[in-house]
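Below you'll find the structure, written out as structure tokens, and then a few comments.
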Amino acid sequence: MTKLTNTQTIILTAGAQRRDYIALPLPKWLAGAAAKMAVTKMIDHGWLQEVDANLRRGEPLWRETGDGHGTTLVVTEAGLLAIGIEPVAVKTIVASHGGASAQPEVKHPNLRRGTKQALLITMLRRAEGATMPEIVAAIGWQAHSARGAMSGALGKKLGLVVVSARDDARGRVYRIALPA
């Protein structure tokens, strides 16, 4: 699984929610050398890509390249995958900015098999889902730890949506929601 810093997660998540997956503006508290270092690392990982900015459409500038031109930052497919979002149209957007030839190869995040988190995800992806007593028995966590993992690691870090529903026979059943 891809290990992201909080800053990287914030930048990728915000960019994934914007029109054309543009990663700008960066958080207000991230500026100067720290911003440049964070963005450079994310470009090196293939999570962000620098593309020509369309100034007529008012796209924010990352840096100026001269002659009234500049670049902006776009979240790549690898960036979406790093936060657990299935990419849909990033290639089209990057190509429209003239950056198709520079599109990095997509690296799918690897979940380490045999971990408790992988077991939890497997249980929640089943059609029947999983109840809290089933999760506690299978993984060996206390209920509050399992709920914290579903909210934190799965929800915030991986971007998975965990839903629950009341079942008359089984009680509260948790599942990973399928993308719409």
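Bear in mind that the values in this text are calculations on the coordinates, not laboratory data. On a predicted model such as this, the values are computed, not experimentally measured, just so you know. Neighbour counts are summed over all protein chains in view; Cβ atoms, including those assigned to glycine, are modelled from backbone coordinates with ideal geometry.
Based on the alpha-carbon gyration tensor of segment 115-180 and its eigenvalue square roots a ≥ b ≥ c, which shape applies: rounded if a/c is under 1.5, prolate if not and a/b is larger than b/c, or oblate? Intermediate values should be presented prior to the final figure.
On the way: a/c = 1.60, a/b = 1.07, b/c = 1.49.
Cα axes put segment 115-180 in the oblate bin.
Put a dot 7 Å past the Cα of Ala177, heading toward its Cβ, do the same for Ala165, and the two dots end up 1.3 nm apart.
When the dipole is taken about the Cα centre of segment 116-176, and only Lys, Arg (+1) and Asp, Glu (-1) are charged at their Cβ, what size is it in debye, to the nearest 20? Intermediate values should be presented prior to the final figure.
Details: 10 positive and 4 negative charges, 47 e Å.
Dipole size: approximately 220 debye.
Model label sites at Lys41 and His69, defined 7 Å from Cα along the beta-carbon direction, differ in position by 3.1 nm.
Starting with the fewest neighbours, write out Leu80, Leu119, Leu73 ranked by other beta-carbon atoms found within 10 Å of each beta-carbon. Present the calculation step by step, with values, prior to reporting the outcome.
Numbers: Leu80 22, Leu119 15, Leu73 28.
Ascending number of Cβ neighbours within 10 Å: Leu119, Leu80, Leu73.
Footprinting exposure proxy ranking of Ile10, Ile135, fewest other C-beta atoms within 10 angstrom first, gives Ile10, Ile135.
Farthest towards the positive end of the charge dipole of segment 111-150, among the residues Met132, Ala118, Ala146, is the Cα of Ala118, using unit charges on the Cβ of Lys, Arg, Asp and Glu.
Taking neighbour Cβ counts within 10 Å as the exposure measure, how do Met37, Met42, Met132 sort from fewest upward?
Working: Met37 12, Met42 26, Met132 18.
Lowest count first: Met37, Met132, Met42.
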